[in-house]
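Everything below concerns the one structure shown next.
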Amino acid sequence: MINKIKIGRYIKQKEGFESFIPFDFPPKEGFKISPKLYKKHEEAIRLVGKLDGITRLLPDKDFFISMFIIKDATYSSQIEGTKATFQDAVAAPVTEEKNRKNSDVDDIEHYIKAVNFGIKRTKNFPISLRFIRELHEKLMVCARCTQHAYPGEFRSSQNWIGGKTPTDASFVPPTISEMQRALGDLENFIHTEDDYPALVKTGIIHAQFETIHPFTDGNGRTGRMLIAMYMHHLGILEMPVLYLSSYFKKYQKLYYQKLQSYHDENSNVEDWLEFFIEGVAEIASSSIDTCTQITSLRDRDFAKMQKLGKKSAESTLEIVRKLFGQPIVGVAEIMKWTGFTAPGAYKVIERLRKLKILEPLDSVSYDKKYIYADYYEIFDETYKEVRKKINRHI
């Protein structure tokens, strides 16, 4: 059984702490997949295939994808302690730095840049240690509190998880020399053509990367980005719209427990893989629903614009298309998109308000922002209650 395979063992170091040293990877006997896991994999792949079919039919794909990426960036950063919300992240491009409610949004913006870089990079570059370093560099360069992050460089000192020192840590990754060996094994595993089901291999890659923990900082976020990059690289999805950070955040304690069980001396690989594949199925199902709602909303709101005059309909249509990528805007954004003067932009906003496409984000009169609320809610369920409160005060 797969859950009897040992990934490594703890070895006491001269400094007095025990470090987890991975065995040769993958194990010589291979990862034997149980019928139960195969069944879960088949269901997850079915849902991923359904999602792929729906996303292929989506118009304005690039606009929609940006929202999926922002959502993943938000949850992945929150797992690491970032307090900024999804709304903070969506509003950031149209909010001056001095007016931002939460400076943690910087973490999310770096994550978004790294993901966008990775998606483009994988089109003509293999998933490799070099690629992973580049991804980490985009994530950490000029990011907050990263004076010891060494962007794009694998660590040259011992790190640990939990506790004040390695001796009281919850997990101590491999030593530097063993880390280098383990990274080489992982890169070979990524490139090797084998018979492992696609999602099983993806889950193993993520868990093994987190076990090695090759960076001083940013391992969790880099490892979660690697999941999406690898699945995109495999061609499982034509469009990169399946990100697991919201699932990992929802079950954060369990996520850590399952990873811990993976790199325990009595490792339970299958337990981790079941959790991982169940996550793929859950997020794929959720994303299918999201894409269905987007299509329905788009058709509804585009139909509203058919009632406008031809010239107004064309300009309004183009603005709404851009709202799919940036659903929170102010007058300045409308001016930038259209070339209109401020009075002209206000007219457009009023037109969109009458069409019930835009509504005020809050009651602040100066530098007011507006939100494509029906669309935004598709990605942020918590906004529904907030919206009700806002509307009661407008």
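Results, tabulated for the structure shown:
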{"item": "3J(HN,Hα) from dihedral phi, the range 237-246, Karplus parametrisation 6.51/-1.76/1.60, rounded to Hz, x for glycine, proline", "result": "10, 5, 10, x, 10, 10, 10, 9, 4, 5"}
{"item": "Cα gyration tensor, the range 1-152 - rounded (a/c under 1.5), prolate or oblate", "result": "oblate"}
{"item": "Relative packing of peptides 67-74, 117-124 - highest average C-beta neighbours within 10 Å first", "result": "67-74, 117-124"}
{"item": "Correct choice for Cα Rg over 2.2 N^0.38 Å that was computed from the model, options (1) 1.08; (2) 0.95; (3) 1.03", "result": "(1)"}
{"item": "Rg followed by Dmax, in Å, when the range 306-392 is reduced to its Cα trace", "result": "12.9, 37"}
{"item": "0 to 90° range, to nearest 10: angle between helix 35-57 axis and the chain longest Cα axis", "result": "30"}
{"item": "Residue-wise HN-Hα coupling along the range 256-265, computed from phi with Karplus coefficients 6.51, -1.76, 1.60 (Hz; x: Gly, Pro)", "result": "5, 4, 5, 5, 4, 5, 5, 9, 8, 4"}
{"item": "GluC sites (Glu not before Pro) within the range 258-325: DSSP coil, no more than 15 neighbouring Cβ in 10 Å", "result": "GLU265"}
{"item": "The range 195-229 versus the range 61-125: alpha-carbon centroid distance in Å", "result": "20"}
{"item": "Gain on full stretching of the segment that runs from VAL386 to ALA332 - 0.36 nm per residue minus C-alpha separation", "result": "17.0 nm"}
{"item": "Estimated 222 nm signal from helices in the chain, with DSSP H stretches of n ≥ 4 weighted -39500 (n - 2.57), rounded to 500", "result": "-19000 deg cm²/dmol"}
{"item": "Computed Rg/Rh of the range 176-250, alpha carbon atoms with Kirkwood Rh", "result": "0.97"}
{"item": "Distance between modelled label sites at PHE189 and GLN257, nm, 7 Å Cα→Cβ extension", "result": "2.4"}
{"item": "Lysines whose Cα lies under 21 Å from that of LYS347, excluding same-chain neighbours fewer than 8 positions away", "result": "LYS304, LYS307, LYS310, LYS311, LYS322, LYS336, LYS356, LYS368, LYS369"}
{"item": "Placed amide H near ILE21: partners under 5 Å, 5+ positions off or other chain", "result": "ARG9, TYR10, ILE11"}
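Only the coordinates and a few stated rules stand behind these numbers; no lab work does. Model, not experiment: these values are computed from the prediction. As a convention, Cβ positions derive from the backbone with ideal geometry for all residues, glycine included, and neighbour counts pool all protein chains shown.
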